[in-house]
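Enquirer: First the structure, which I've put down as structure tokens, then a few questions once you've had a look.
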Amino acid sequence: MKPLPRSFYARDTVQVARDLLGKRLVRRSRTGLTSALIVETEAYLERTDPACHTFRGKTPRNAAMFAPPGHLYVYMIHARWCLNVVTAAEGIGDAVLIRAAEPRDGLPLMRDRRQREDDRELTRGPARLAEALDIDGKLNGYDLTLGRRLWLCDAPDDWADESLIATSPRIGISVNQQAPLRFFVVANRYVSGPQKLNRRP
DNA sequence: CTACCGATTGACT
DNA sequence: GTCAATCGGTAGA
């Protein structure tokens, strides 16, 4: 359960987005420990990507995206929290959105936080995942390499096989809609989004 | 201060 | 498949 080192995050953002599939996301809060295996991510690129929150520069909201790689960027959309990990290098403004994961530890606690019994309703979608893991704006800017409240670590290599990883356009954005910057585990029941996006290319 | 909007979700046809 | 609730960030008066 050792946290991934900062060097994992300090790489090309698209590569990190792909490599995050299969990693274990662990949350330790006062109420207990929960964890889930990442099955869906999206890359957001400051330099070339109008859909990226930092595309038009630094603001109070997106300041955490300019922190060193391995820090957390939590933002609110439609009255719900979503989580990203900062990538590339400090001051760049790139991040990877964690869109979905497969529950592993602490399912009863996740059901309680989500007020849902169906396992697919726990962590399928970025805001559902955040709520299941008790992640909100208070964790914005948190360092994921500390291994205390929230961190990422290697997991049994279920999805190392490239044939199980596919790419698609990102979900829910209104600009740069064609860019293939979404990554997901094929045929995993916890992947969000419309079915037609979730097939192999 | 007000007005508009979105990297969503959940309820509904 | 459709659609509206939700609320902090942001821009502009």
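Since every read-out is calculated from the coordinates, none of them should be taken as a lab result. Keep in mind that this is a model prediction, so the values were computed, not measured. Methodologically, a virtual Cβ is constructed for each residue, glycine included, from the backbone with ideal geometry; neighbour enumeration extends over all protein chains shown.
Enquirer: Averaging sequence separations of C-alpha pairs under 8 Å and six or more residues apart, then dividing by the length of chain A, give the relative contact order as a whole percent.
Expert: Rounded, it is 27 percent for chain A.
Enquirer: Given the DSSP H assignment, sum -39500 (n - 2.57) over each helix run of at least 4 residues in chain A and divide by its residue total; what's the result at 222 nm in deg cm²/dmol, nearest 500?
Expert: Result for chain A, helices only: -3500 deg cm²/dmol.
Enquirer: Give me the percent relative contact order of the stretch A:109-199, please, defined on Cα pairs under 8 angstrom at least 6 residues apart.
Expert: Here the relative contact order equals 21 percent.
Enquirer: For the stretch A:59-167, what is Rg from Cα atoms divided by 2.2 N^0.38 Å, rounded to two decimals? Provide the component values of the computation, followed by the final result.
Expert: On the way: Rg = 14.6 Å, N = 109, 2.2 N^0.38 = 13.1 Å.
In units of the globular-protein estimate, the stretch A:59-167 measures up at 1.12.
Enquirer: For the cross-link pairs A:Lys23/A:Lys196; A:Lys2/A:Lys138; A:Lys23/A:Lys138; A:Lys138/A:Lys196, which exceed 30 Å when the distance is taken from alpha carbon to alpha carbon?
Expert: In this structure, A:Lys138/A:Lys196 exceed 30 Å between Cα atoms.
Enquirer: Can you tell me the order of A:180-189, A:163-172, A:113-122 when each peptide is scored by its average per-residue count of other Cβ atoms within 10 angstrom, highest first? Please list the in-between numbers first.
Expert: Working: A:180-189: 18.9, A:163-172: 16.2, A:113-122: 14.5.
Averaged packing, sorted descending, gives the order A:180-189, A:163-172, A:113-122.
Enquirer: Shifting gears a bit: Which of rounded, prolate, oblate describes chain A, given a ≥ b ≥ c as roots of the alpha-carbon gyration tensor eigenvalues and a/c under 1.5 marking rounded, otherwise prolate only if a/b is larger than b/c?
Expert: rounded
Enquirer: Right, something else. Once you order the gyration tensor axes a ≥ b ≥ c over the Cα atoms, which shape class does the stretch A:18-63 get: rounded for a/c under 1.5, otherwise prolate or oblate by comparing a/b with b/c?
Expert: Values: a/c = 4.93, a/b = 1.70, b/c = 2.91.
Verdict is oblate for the stretch A:18-63.
Enquirer: R0 = 25 Å: FRET efficiency of A:Ile77 with A:Lys196, Cβ-based, nearest 0.05?
Expert: About 0.60, to the nearest 0.05.
Enquirer: Going by how many other Cβ atoms sit within 10 Å of their own, how do A:Ser192, A:Ser7 line up, fewest first?
Expert: Ranked by crowding around the Cβ, least crowded first: A:Ser7, A:Ser192.
Enquirer: Something else about it: Can you tell me the FRET efficiency between A:Ser7 and A:Thr48 if r is taken as the Cβ-Cβ distance and R0 is 22 Å, rounded to the nearest 0.05? List each step's numbers first, then the result.
Expert: On the way: r = 24 Å, r/R0 = 1.09.
The calculated FRET efficiency here is 0.35.
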